[in-house]
């Protein structure tokens, strides 16, 4: 999962909410040998969750309650087809093969999973670490492919427009400053106030939740830089 982790971290400036998946990836790796079926179940959840997140950001008509009713196979198909509509690198054969992997993981999870479907002991069938290692590797590759295609798209303008409208309505006297225009300040904030993995990065949380405080601290940061210069 190292490559997928690096993708999420390197793109956290645009999509900080995807850091939520970092702790889940770590959970899959930690249970690889000790609890193979938990590792497999976690892999299925990762494919499911990341597909839903991509769909929500590329299809504004999608509703979470409807996505939550779908199985993981159709979710991957929908996410991949949305990426393909954006003239991305997604290939048709990839969609069907990923759907097959998702179906296999879902079947294993239903039959052997320890979390979602509690099992009486001793379990009738249990997976070994060779199978969980294969599932983890394949899941990591699929996630990387989807995320790489998703991150390669231009930031969705509707998100920026919605944020601007929100600022104008709630803070009409404040200037509208795009978050990505101040990477040096954002990096400084994140270094000063590091948050645990899997949560919003501090600078983005401040921008989204306390915009006025973000602007005040940004102005102080710029003034200090000017004095140092």
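The values are calculated or read from the model by the stated rules, or taken from the named source; none is laboratory data. Note that the structure is predicted; figures quoted are calculated from it, not measured.
Only one entry in 17, 29, 48 is in the same structural domain as residue 125 (by TED's automatic domain parsing) and at pLDDT below 90, namely 17. Note on segment 104-193: enclosed helices (runs of 4 or more DSSP H) holding 1 or more residues that are modelled with pLDDT of 85 or more are 129-151, 183-192.
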